[in-house]
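Notes for the one structure printed next.
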Amino acid sequence: MPDQHARLSPSGAEKWMNCSGSLALEAGLVDEGSEFALEGTAAHALAECVLRNRLNPYLTETHKDNGTEMVGGQRAADYIGTYPLSHLSATDPGPQVTEDMAEGVQRYVDTVWALAEGNDLLVEQRVDFSDVVGVPDQFGTADAVIIAGTELQVHDLKFGRGVKVDAENNKQLQLYALGALEQFGALQDFDTVSVFIHQPRLNHESEWAVSVDDLRAFGEQAREAAAAAITVAAIAECEGVDTLPADVFNPGEKQCRWCKAKGFCKAAEQYHLNTVADDFVDLDRPIAPQISGARERIAVCDNSHLAEVYSQLDFIEDWCKAVRARASSELNAGHPVPGFKLVEGKLGNRAWKDEEGAKALLKDQFRYKNEEVFDFKLISPTKAEKLIKKASPRRWPKVEALITRADGKPAVAPESDPRPALIINHENDFDDVDAAEAAAEFI
């Protein structure tokens with residue numbers, strides 16, 4: 001059997017537990033990453049440094065790669081302007097700590113630190129769940145683990161502005177918790193395990209408590225799923241991915257969201273085609289009552305089916321983006337994609353090659369006035385809040401009184417969304433119009 005080191009990652013649990021063919025299809029694919037992923041990694045490094053300094057205020061956090069030090073205090077703002085990932089590359093320092101990053105990280109730090117008071121806090125704790133899934137060398141790193149008497153806490157920081165993630169039944173956190181339970185269960189009898197998701201930039205925190213027995217029951221499900229995924233991956237390596245039966249693939253929103261193979265997965269393609277094509281007709285055609293004596297018209301998509309299709313739109317759009325990215329990647333690598341080619345895209349926006357030279361030319365030589373060559377604009381309320389609220393709290397109410405905000409436009413959301421539903425009553429609207437017209441005639 002091939003080396004399975006870290007293939008069953010907790011962050012990928014939705015993939016390999018829900019779709020046993022995902023490991024086989026992703027084999028050999030490189031995660032290209034993104035600027036958002038790098039920003040998240042930098043935020044995690046910042047949070048780790050602050051928490052470790054709080055645990056030991058005399059500690060200088062030292063990266064293990066090449067000894068580069070992140071020296072600072074016990075608040076995230078102490079690191080504004082620094083580069084937490086500079087040790088990873090001699091030429092690219094990575095994302096810089098901004099005020100926005102520091103503010104989000106500080107919210108996470110404050111929450112974890114408050115929960116850790118009087119308890120044992122472990123930062124960036126490696127947890128091994130190999131025995132749980134029955135596959136050697138399977139592990140992950142929990143952002144924070146807190147041992148609070150008979151309660152074991154696992155905390156996960158997610159720094160992006162993307163999709164909200166809930167702690168309840170979260171597979172990634174349950175695997176972290178099982179690993180921590182294996183590691184610390186001999187030292188303490190735990191009754192409850194609590195898992196936490198922190199998404200400070202979405203103002204979202206989610207907590208879920210699960211009994212040790214229920215957590216171990218999940219572990220049995222993970223073991224079965226791991227065995228299936230490893231078996232399918234071994235078959236694919238020996239006989240080829242094309243030999244795998246269709247039933248080892250199980251497309252779905254959660255398992256496909258971060259799958260590196262979704263751009264060329266035939267099962268995902270068929271799933272989306274079925275979703276769109278199954279009883280799907282022209283949505284632009286209005287639903288109107290049949291006119292007596294007229295030829296019967298084929299029924300259009302009713303609202304029940306509209307709801308079914310609408311619920312899949314984000315999933316479908318995500319798949320479309322993956323297909324576009326895959327085609328672009330293949331063409332840029334010099335691999336032909338029949339019927340398509342690379343062409344030069346739209347030119348970028350014009351910019352000054354030498355801004356100081358342009359300013360000297362326009363101002364000094366051509367004698368244009370300041371208002372003719374410079375754009376002056378009042379800062380936004382958001383920037384004003386950052387500038388004034390913390391520095392001069394007494395002044396902020398006067399500034400806030402000058403700020404207005406337009407009402408939000410109606411937006412479609414699932415029924416599970418906590419916001420109250422808008423009441424739309426067109427019948428009353430028509431009644432008001434009729435009453436107004438009657439009053440006008442009376443006058």
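With (1) modelled with pLDDT of 95 or more; (2) open to solvent by 40 Å² or more (accessible area, probe 1.4 Å) as the list, and Lys164 as the residue in question, which single condition is left unmet?
(1)
Exactly one of these conditions fails for Arg201: (1) out of contact with any Gly (no Cβ under 7 Å at 6 or more places or on another chain); (2) among the charged types (D, E, K, R); (3) open to solvent by less than 60 Å² (accessible area, probe 1.4 Å). Give me its number.
Failed condition: (1).
Please pick out the residue among Leu122, Leu115, Leu152 that is open to solvent by less than 10 Å² (accessible area, probe 1.4 Å) and either part of a strand (DSSP E or B) or at pLDDT 95 or above (or both).
Selected residue: Leu152, the only one of Leu122, Leu115, Leu152 that is open to solvent by less than 10 Å² (accessible area, probe 1.4 Å) and either part of a strand (DSSP E or B) or at pLDDT 95 or above (or both).
Are any residues in region 336-384 part of a helix (DSSP H, G or I), more than 33 Å from the chain's Cα centre (by Cα) and surrounded by 10 or more Cβ atoms within 10 Å (Cβ to Cβ), and if so, which ones?
Passing the criteria: Gly357, Ala358, Lys359, Ala360, Leu361, Leu362, Lys363, Glu372, Val373.
State yes or no: is Asp242 open to solvent by less than 80 Å² (accessible area, probe 1.4 Å), of a type in the set (Asp, Glu) and modelled with pLDDT under 90? Write out each step before concluding.
Working: open to solvent by less than 80 Å² (accessible area, probe 1.4 Å): no; of a type in the set (Asp, Glu): yes; modelled with pLDDT under 90: yes.
In short, no.
When you look at Gly33, is it under 21 Å from Gly160 (Cβ atoms), out of contact with any helix residue (DSSP H, G or I) (no Cβ under 6 Å at 6 or more places or on another chain) and at pLDDT 90 or above, yes or no?
Criteria not met by Gly33.
Based on what the data block shows, is Lys266 surrounded by fewer than 14 Cβ atoms within 10 Å (Cβ to Cβ), at pLDDT below 90 and of a type in the set (Lys, Arg)?
Values: surrounded by fewer than 14 Cβ atoms within 10 Å (Cβ to Cβ): yes; at pLDDT below 90: yes; of a type in the set (Lys, Arg): yes.
So Lys266 passes the test.
Looking at region 393-417, which of the residues that are among the acidic types (Asp, Glu) and under 29 Å from Lys164 (Cα atoms) is surrounded by the most Cβ atoms within 10 Å (Cβ to Cβ)?
Applying the filter and picking the extreme gives Asp417.
Scanning region 75-96 for residues that are farther than 21 Å from Ala144 by Cα and hydrophobic (A, V, I, L, M, F, W, C), which turns out modelled with the lowest pLDDT?
Ala90
The values are calculated or read from the model by the stated rules, or taken from the named source; none is laboratory data. It should be emphasised that the depicted structure is a prediction, and the values quoted were computed from it without experimental measurement. When we count neighbours, we look across all protein chains shown, and the Cβ atoms used for this are built from the backbone with ideal geometry, even at glycine. For accessibility, only protein heavy atoms count, side chains too; no ligands or nucleic acids. Shrake-Rupley method; radii C 1.70, N 1.55, O 1.52, S 1.80 Å.
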